[in-house]
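Below: one structure, written as structure tokens.
The values are calculated or read from the model by the stated rules, or taken from the named source; none is laboratory data. No experiment lies behind these values; they were computed from the predicted model shown. Don't worry about glycine lacking a Cβ; one is built from the backbone with ideal geometry, like all the others, and counts go over all protein chains shown. The accessibility values were calculated without ligands, DNA or RNA, using every heavy atom of the protein model including side chains. Shrake-Rupley method; radii C 1.70, N 1.55, O 1.52, S 1.80 Å.
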Amino acid sequence: MSLKKKAVSGLKWNGISMIVLTCLQFLTLAVLSRIISPSDFGLMGMVMVVIGFAQAFTDMGLSNAIIHHQDTTEDQLSSLYWLNILAGVTIFAIVCISAPLAEAFYKEPGLDRMVYLTALIFLLTPLGQQFQVLIQKELQFDRLAKIDIACSAVNSIVCITLAYNGYGVYALIWGQIIRTLTRVLFLSLFGRRYWRPRFHFRRSDLNGYLRFGFYQMGERAINYLSANVDYLIIGHRMGPTALGYYTLAYQLAIFPLIKINPVITRVAFPIFSKIQGDNSGLQKGYCSIVNLISTVSFPMMAGMILVAPEFISVCIGDQWEPSIILLEILCIVGALKSLGNPIGSIILAKGKANLGFFFNLIAITIVSTAVLIGSQWGITSVAVAILVAQFILLSFLHPLANKLISLRLSSYLRAIETPFFCTLVMIAVAYTLKTGIHSWNAPVLFGTTVIIGVATYITAYYFADKKRTMEFIAIVRNY
């Protein structure tokens, strides 16, 4: 199979995975929001700030180093595998030691026990991490998609079952643990077809990997802090209930993009790594990715803003009304974030992990300052502050792309031109319709607005770019 066909196949399977996972997530969230209290969601948000930060260090950034290097030997893979195991045990110990500090920071009794339990994932994850990398490097995205779907289904069943039986926040924690265990089992089963670890470890095997990995590790840690500094400050200053409202809104606004972007970037990074010396090919590939992401994310985020009150009322519950304004603001943040995501694949393919590290260092400085300022006036002001910070960060992206692959600004703007204007058309039509039928009951108003919005966007896109639309239809038919 040619590289292009592998890329298209990868996009197809990642797309299927994304659709299924998004539906599962929304269904699970809709059910759990009616069983679990906002404070329980807030407690889980506090736990995941600690756990998520530690996850940046789990594989020491070596996964992407393996994908970037095209000539990794079996001895090197074995040495890297045992290093990952050691890193997992070390991080588990550090997280357990720091759990009382998290409890003291958030002033929530019992939070340390939740952190201890959730930290078990650090003992499990390294057992399957390298198998996932090798499957991804071989562009076997159909296997990864099936694994992701199976694990998410297990997570949903465990969370809902335990929540229904009164486990509260522990339903979410056990869901994470069982999901991780299931994923490790599947990855080990499929991954052993490509490589099996041996009892071999040599320090010299790590040469060329650790430096790349350390920059990746630092970038991930800083990136995670930048993305979660709002959770830290809201939880510390406003408590678990306020954080619960914010967490729900953030998950609804950002989760689709967390699923959509990897559909593309998970394929893009190994593909870009194979053509890392061809700037012309990288320019074309990067603009295609930006176009594809904006084609999906722009109308999705704009649509969510239009129907946010009805969506919360119908799908989540009226008790979550304070999340509406947060959701509307964070949807704009999500759309802007989606434009910045693809640059990471270019940075790594070029072997410039240091640039990613320094960019995220700038990002956390800007975001932290904005959140600290915004937190003086409440959670809505925090969301507004993050929006302002995201606009500032977006201004750094093109100079970075220009430095790496000599990309012209005009080429970048052309990549997002059609999705942007088609989204404006969709907003105008859907908003006009919604205003005219605003007296209808919430479920009917919600469904009608969504259907009209989707139909308007697809129609506008077809007439704006018939060639790309027909190419997409041909890809769907052939794959």
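What the table below lists for this structure:
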| read-out | value |
| --- | --- |
| Boolean, Tyr250 is in a helix (DSSP H, G or I), at pLDDT 80 or above, open to solvent by 20 Å² or more (accessible area, probe 1.4 Å) and touching an Asp or Glu at 6+ places or on another chain (Cβ under 9 Å) | yes |
| Cβ-Cβ under 6 Å pairs, at least 6 apart or on other chains, the stretch 409-432 side over 19 Å from Ile451 (Cβ atoms), far side modelled with pLDDT under 90 and among the polar types (S, T, N, Q) | Ala415/Asn291; Ile416/Ser294; Pro419/Ser294; Pro419/Thr295 |
| Subset of the stretch 92-130 (residues that are modelled with pLDDT under 85, among the acidic types (Asp, Glu) and assigned to a helix (DSSP H, G or I)) | none |
| Residue in the stretch 155-176 that is touching a Ser or Thr at 6+ places or on another chain (Cβ under 7 Å), within 16 Å of Val20 (Cα to Cα) and open to solvent by 20 Å² or more (accessible area, probe 1.4 Å) present | no |
| Hey, Glu138 touching a helix residue (DSSP H, G or I) at 6+ places or on another chain (Cβ under 6 Å), at pLDDT below 75 and on the phi < 0 side of the Ramachandran plot or not | no |
| Among the residues listed as Ile332, Ile325, Ile312, the single one being closer than 13 Å to Ala249 by Cα, in contact with a Ser or Thr (Cβ under 8 Å, 6 or more places away or on another chain) and surrounded by fewer than 22 Cβ atoms within 10 Å (Cβ to Cβ) | Ile325 |
| Unique match (being hydroxyl-bearing (Ser, Thr, Tyr), within 19 Å of the chain's Cα centre (by Cα) and modelled with pLDDT under 80) among Ser345, Ser297 | Ser345 |
